[in-house]
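Nothing in this text is a laboratory measurement; each read-out follows from the coordinates by a stated rule. Quantities reported herein were computed from a predicted structural model and do not represent experimental measurements. So basically every Cβ, Gly included, is an ideal-geometry build from the backbone, and we count neighbours across all protein chains shown.
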Amino acid sequence: QGLKSLAPTDYPHLIFGTSKPAPGLPAADPFLGKNKVPDLQKVFQRSDGLPVHLKLGYPDRLLYRTTMALTIGGTIYCLVALFIASQPKKQ
């Protein structure tokens, strides 16, 4: 009789890679929206001289400038604190 394969010969149908919803899910689930990846690829691959972290406009600029302000402010605060801590204490 020989050895028998333990792997099943009938494989279930794949549920990914299709535009159909998975079996058992309602057709109008909110996560099955429009694919935004091609639109975002066009935005990020556009050759306009901007770095990728500033491509989406005003919100990116606001976040970048806030981060830079906090970084510079924190550096200045640390330097001032180190300067004050290095001064001899007066009695």
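Summary table
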{"read-out": "Inter-label distance for TYR58 and TYR77, nm, one decimal - labels placed 7 Å from Cα along Cα-to-Cβ", "value": "2.8"}
{"read-out": "Contour minus Cα-Cα distance for SER86 and LYS36 (0.36 nm per residue)", "value": "12.5 nm"}
{"read-out": "HN-Hα J in Hz across the stretch 76-91 - Karplus 6.51, -1.76, 1.60, θ = phi - 60°, x for Gly and Pro", "value": "5, 4, 5, 5, 5, 5, 5, 5, 5, 5, 8, 6, x, 7, 8, 10"}
{"read-out": "Gain upon complete extension [ARG65, ASP48; 0.36 nm per residue less C-alpha separation]", "value": "4.1 nm"}
{"read-out": "Cβ-based net charge around MET68, under 15 Å, with every Lys or Arg adding one and every Asp or Glu removing one", "value": "+1"}
